Amino acid sequence: MPPSITSIASHELKTPLTSIKMFIQAMLDKVKPDEGSFEHDALQRVNRQVNKMTTLIQNLLNNTKLLDGTMELHCERFNLHQLIEEVVFEAKLTLPGYFYILKDCSTAYVYADRLKISQVLDNLISNAAKYSPKGSEITIKCKVEQEKVHLSITDNGIGIAKNEQERLFDRYYRVNNDKIRNISGFGIGLYVVAEILHSHNSKIYLESEENVGSTFFFELPDAL
Ligand code: ADP
């Protein structure tokens with residue numbers, strides 16, 4: 001199958017970004033002695049935004065490959081705790097005002113595609129925040145058992161009615177009620193989560209109660 005326009009566009013966008021990133025890095029090295037100056041601070045902000053854009057483009061490319069059925073996995077052993085911390089760091093910047101709590105993940109290593117699992121975590125953690133009141137807790141928990149790392153993401157948000165839960169992972173599906181009318185989204189995030197996990201021979205589960213909160217679970221092979 002020939003590559004789609006989105007896939008070509010995302011590839012093309014990566015080249016100038018790489019060059020921008022190189023120059024920012026060179027400038028950051030130059031202003032290093034002036035740590036705390038406006039120039040240093042501004043460059044670091046630009047650097048973070050460029051990193052963010054690189055991830056967004058990479059995710060766009062991944063989603064396109066996923067939708068046209070040409071997704072490839074690049075599995076490796078990696079420190080899951082470190083990845084969760086990176087995703088939570090970003091979430092704190094883009095979705096501030098929540099208490100992100102990490103439980104028992106410090107020794108978790110898994111064998112999986114790091115970039116794609118970062119997207120799974122990002123989608124689930126972003127949803128946990130999007131569909132919860134500000135100031136509430138979002139808990140990310142790990143449990144190593146029987147050669148698997150079991151992960152869960154729990155929020156105390158609006159929850160999902162039983163009759164909606166089955167269709168939640170369908171492409172473009174969004175719950176249709178007043179509570180989410182003003183929350184933006186395309187109904188693709190959970191579909192992507194389910195597909196990525198499926199390609200890892202894993203599955204996403206959910207426990208949720210309306211007006212109480214939701215927990216999403218999945219597991220990955222332990223690689224300690
Ligand atoms: P989006 O958030 O872009 O609408 P998703 O595929 O990520 O798309 O989610 C599908 C639907 O599932 C959402 O529209 C929302 O109704 C519901 N949902 C997902 N995560 C949660 C959550 N943590 N709490 C409550 N509802 C959720």
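Before moving on, here are some points about what is shown:
- Subset of the stretch 19-48 [polar (S, T, N, Q) and surrounded by 12 or more Cβ atoms within 10 Å (Cβ to Cβ)]: Gln25, Gln44, Asn47
- Some residue of the stretch 126-149 being more than 27 Å from Ile183 (Cα to Cα) and crowded, with 19+ Cβ neighbours inside 10 Å: yes
- Residues being free of Cβ contacts under 8 Å to residues at least 40 places away in the same chain and touching a Ser or Thr at 6+ places or on another chain (Cβ under 6 Å) - total across the stretch 171-215: 1
- Candidate set from the stretch 167-194 (those that are modelled with pLDDT under 90 and out of contact with any helix residue (DSSP H, G or I) (no Cβ under 9 Å at 6 or more places or on another chain)); member that is least open to solvent (accessible area, probe 1.4 Å): Gly187
- Tallying residues that are open to solvent by 30 Å² or more (accessible area, probe 1.4 Å), of a type outside the set (Asp, Glu) and either assigned to a loop (DSSP other than H, G, I, E, B) or more than 10 Å from the ligand (Cβ to nearest atom) (or both) within the stretch 195-207 yields 5.
- The set of residues in the stretch 121-146 that are away from the ligand (no atom under 11 Å from the Cβ) and either free of Cβ contacts under 8 Å to residues at least 12 places away in the same chain or assigned to a helix (DSSP H, G or I) (or both) comprises Leu121, Glu145, Gln146.
- Test: residue in the stretch 52-73 that is of a type in the set (Gly, Ala, Ser), in contact (Cβ under 8 Å) with a residue 40 or more places away in the chain and surrounded by 15 or more Cβ atoms within 10 Å (Cβ to Cβ): no
- Subset of the stretch 72-97 (residues that are farther than 21 Å from Asn127 by Cβ and in contact with an Asp or Glu (Cβ under 8 Å, 6 or more places away or on another chain)): Leu73, His74, Cys75, Glu76
- Single unsatisfied condition, Phe217 versus (1) open to solvent by 20 Å² or more (accessible area, probe 1.4 Å); (2) within 9 Å of the ligand (Cβ to nearest atom): (2)
- Residues (touching a Lys or Arg at 6+ places or on another chain (Cβ under 9 Å), within 10 Å of the ligand (Cβ to nearest atom) and not in a loop (DSSP other than H, G, I, E, B)) located in the stretch 147-188: Ile153, Thr154, Ile180
The values are calculated or read from the model by the stated rules, or taken from the named source; none is laboratory data. None of the values given here were measured: they were computed from a predicted structure. Cβ atoms come from the backbone with ideal geometry, glycine included; neighbour counts cover every protein chain shown. Quick note on the areas: whole protein, heavy atoms, side chains included, nothing else; ligands and nucleic acids left out. Shrake-Rupley method; radii C 1.70, N 1.55, O 1.52, S 1.80 Å.
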